[in-house]
Amino acid sequence: MPILKKSLDVSSSENPLIEFQSILKEAMDILNYSNEAFELLKEPIRFLEVKIPVRMDNGKTEVFVGYRAQHNDSTGPTKGGIRFHPNVTADEVKALSGWMSLKCGINRLPYGGAKGGIICDPRKMSNRELEQLSRGYVRAISQIVGPTKDIPAPDVYTNSQIMAWMLDEYDHLREFDSPSFITGKPLVLGGSQGRETATSKGVLYTLQFISDLKKMPIKDMRVIIQGFGNVGSYLAQYLHDIGAKVIGISDVLGGIYKEEGLDIPYLLSKRDSFGIVSNLYSNSISNEELLEKECDVLVPAAIGGQINKHNVHRLKCKIVVEAANGPTTKDAIKILKDKDIMVVPDIFANSGGVIVSYFEWCQNNHGHYWTEQLVDERLKAIMTDSFSNIIRTAEFYKVDMKVAAYIEGIRRIVEASAIRGWIRS
Ligand code: GLU
């Protein structure tokens, strides 16, 4: 067992819900929206806390706590992933549901945002225990989810196998086959081509947009990726394939750094299902140290609150591309702006996942399936439009990209909530 260095689980003291609310307020004030609109959108419209008893392998029952937050359903059913993590909190799930609304708004998807979470440590659970937990969660939230109500998907430490168990449980409860209940499924159960790699592809497209904007060829970029899970590992592979240099990566235990570039194919062949690779190297460094290494692009692709007021002064990158949800705190973003370091916001940069989830849902509803090439083309087309909208908005209102992305994301939700008669915009 490798020595535990500074763990990724140590997040900042900032409360993500307060962070969400304060940037939302800033964006809504710029748009001159009413206070009642803010009152409606600062928290989810629906929030459920559940208890899930699971008979563990040792014969004892453990009771897990889970949440599902639905931020706003004025533009359509709500949509968002489910995370399994020991640090899940109610406020984090609420904030994440708000960010999902913004992602859907930015990309003009016919959804509002949602998010779910269970407080657990999947690294310490057997497959049988994980299956029972997944099925128990679906039973507990089944009243408020469904293909036209709220559609779950994978998030931190959940995957297509967990989606398959959840779908199976839902089908048993409803007594009919309903593939559009959940996205991120295995292909054989109605999953979409390109869904597993979608978030990383979206981050790659984001890097291409930035490369065009800054006239900085992507293959000359030296990139550090924090996190080697689904998003970080595929991204490392894509960057390696196009000739960019990945000089540092990290996992939950620590980081590895090599100025000449890391051997990505080797690391990919050795990573386990939790993305652990740092134990392969004797000279590994801590996550904290990795974030502070000099590079062109820093991609935090792990969990929230990693770049905060405590470490932001020591960052030596030129651009931060937020592949995780909420990795940079509001204070840190302001400081990075003063240092002329561009932050490409999560609610745009990592939205490839939910965009392809939307494609998956459309395919399930039509019973007609697309090629990976078509999925990729449509993903890129949506993200290209959204990126130019955010850049235009940032220039028009003279705000940073984070606030611009909130402005772009919130407009449709306020318009739909107002036209339904819920609020005055
Ligand atoms: N969990 C992903 C996210 O945070 C995907 C959500 C989805 O596909 O619905 O965007």
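Being touching a helix residue (DSSP H, G or I) at 6+ places or on another chain (Cβ under 6 Å) and assigned to a helix (DSSP H, G or I) is a condition met by at least one residue of segment 304-312. The set of residues in segment 106-126 that are within 11 Å of the ligand (Cβ to nearest atom) and of a type in the set (A, V, I, L, M, F, W, C) comprises 109, 114.
Of the helices (runs of 4 or more DSSP H) lying entirely inside segment 344-425, those containing at least 2 residues that are farther than 14 Å from residue 199 by Cα and open to solvent by 30 Å² or more (accessible area, probe 1.4 Å) are 352-366, 372-397, 401-419. Could you tell me whether segment 154-162 includes any residue that is open to solvent by 30 Å² or more (accessible area, probe 1.4 Å) and more than 16 Å from the ligand (Cβ to nearest atom)? No - not one qualifying residue is present in segment 154-162. Tell me, yes or no, whether segment 184-193 has at least one residue that is open to solvent by 40 Å² or more (accessible area, probe 1.4 Å), within 30 Å of residue 297 (Cβ to Cβ) and assigned to a loop (DSSP other than H, G, I, E, B). Looking through segment 184-193, at least one residue is open to solvent by 40 Å² or more (accessible area, probe 1.4 Å), within 30 Å of residue 297 (Cβ to Cβ) and assigned to a loop (DSSP other than H, G, I, E, B). Checking each residue in segment 197-249 for being touching a Lys or Arg at 6+ places or on another chain (Cβ under 9 Å), part of a strand (DSSP E or B) and open to solvent by less than 10 Å² (accessible area, probe 1.4 Å) picks out 223, 224, 246, 247, 248. Of all residues in segment 291-308, none are at pLDDT 95 or above, over 20 Å from residue 207 (Cβ atoms) and open to solvent by less than 10 Å² (accessible area, probe 1.4 Å).
Flag: residue 148 does not match the condition of being within 16 Å of the ligand (Cβ to nearest atom), buried (at least 18 other Cβ atoms within 10 Å of the Cβ), hydroxyl-bearing (Ser, Thr, Tyr) and modelled with pLDDT of 95 or more. Screening residue 48 with (1) open to solvent by 50 Å² or more (accessible area, probe 1.4 Å); (2) within 16 Å of the ligand (Cβ to nearest atom); (3) of a type outside the set (Gly, Ala, Ser) gives one miss only, at (2).
The values are calculated or read from the model by the stated rules, or taken from the named source; none is laboratory data. Not measured: the values here are computed from a predicted model. Here Cβ is always computed from backbone atoms with ideal geometry, including for glycine, and neighbour counts include all displayed protein chains. Ligands, DNA and RNA are excluded from the accessible area calculation, which covers all protein heavy atoms including side chains. Shrake-Rupley method; radii C 1.70, N 1.55, O 1.52, S 1.80 Å.
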